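S.K.: Right, I'll just put the structure down here and ask away after.
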Amino acid sequence: MCQETGRARLSYRRAEEIFEENTRLLANPLASPDDIEDLDGWTLHRLHHSALTHDAEDVTSTPMLLARSRHASVRSLEWYARPGVDSVARHVAERDPAVRRRR
């Protein structure tokens, strides 16, 4: 129970069920609404993974990524924070000395 409101708190498991149920059509945009019961939605874990990936693409420091993810080692963080090819190319291009001289 929440001490401030007196309401029952939402458990992680229930929050994940609600999130998954309500993202089934978003996760499967070509599916028919009639098939909603057979579809899988997104999970809170996947949302967490995406947030870490976006932070890594925005060049967030490794210590900050570790703190946000609550991982103890960089090795375990590697699985979650994987910048995409476009992000890596943009990062390299932004730091190319030839490009910086032209600005």
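S.K.: Could you tell me the accessible area of H48 in Å² (1.4 Å probe, neighbours in place), rounded to the nearest ten?
M.R.: Rounded to the nearest 10, that gives 70 Å².
S.K.: Against the longest alpha carbon principal axis of the chain, how many degrees, from 0 to 90 and to the nearest 10, is the axis of helix 12-22 turned?
M.R.: 90 degrees
S.K.: Here's a follow-up. Using only the alpha carbons, work out the radius of gyration and Dmax of the chain in angstrom.
M.R.: Expressed in Å, the Cα Rg and Dmax of the chain come to 19.4, 61.
S.K.: Compute the FRET efficiency between E17 and H49 as 1/(1 + (r/R0)^6), taking r as their Cβ-Cβ distance and R0 = 25 Å, and round to the nearest 0.05.
M.R.: It comes out at approximately 0.85.
S.K.: Residue by residue through region 66-74, what is 3J(HN,Hα) from phi via Karplus (6.51 cos²θ - 1.76 cosθ + 1.60, θ = phi - 60°)? Round to whole Hz and write x for glycine and proline.
M.R.: 4, 5, 5, 7, 6, 8, 8, 9, 5
S.K.: Protein chains only, probe 1.4 Å: how do L25, L65 rank by accessible area, largest first?
M.R.: From most exposed to least exposed: L25, L65.
S.K.: With everything on Cα atoms, drop me the angle between helix 44-57 and the longest principal axis of the chain, reported from 0 to 90° to the nearest 10.
M.R.: 10 degrees
S.K.: Which of these, R68, R82, R13, has the largest mean-square fluctuation under a Gaussian network model of the chain (Cα springs below 10 Å)?
M.R.: R13
S.K.: Angle, helix 85-94 long axis vs. longest principal axis of the chain, Cα atoms, 0 to 90°, nearest 10?
M.R.: 40 degrees
S.K.: Which Cα, out of V88, A27, A51, lies furthest along the positive dipole direction of the chain (beta carbon charges, K/R +1, D/E -1)?
M.R.: V88
S.K.: I would also like to ask the following. Averaged per residue, what accessible surface does the chain expose to a 1.4 Å probe, in Å²?
M.R.: 82 Å²
S.K.: Accessible area of E17, 1.4 Å probe, to the nearest 10 Å²?
M.R.: Surface open to solvent at E17 totals about 80 Å².
S.K.: Rounded, prolate or oblate: which one fits region 3-44, using the alpha carbon gyration tensor with axes a ≥ b ≥ c (rounded when a/c is under 1.5, else prolate when a/b beats b/c, else oblate)?
M.R.: Prolate, since a/c reaches 1.5 and a/b exceeds b/c.
S.K.: On the protein heavy atoms, probe 1.4 angstrom, tell me the percent of accessible surface of the chain carried by carbon and sulfur.
M.R.: Roughly 53 percent, rounded to a whole number.
The values are calculated or read from the model by the stated rules, or taken from the named source; none is laboratory data. What you see is a predicted model, and the numbers here were worked out from it, not measured in a lab. For neighbour counting, all protein chains shown are included, and Cβ atoms are generated from backbone atoms with ideal geometry for every residue, glycine included. To get the accessible areas, we keep the full protein, side chains included, count just its heavy atoms, and leave off ligands, DNA and RNA. Shrake-Rupley method; radii C 1.70, N 1.55, O 1.52, S 1.80 Å.
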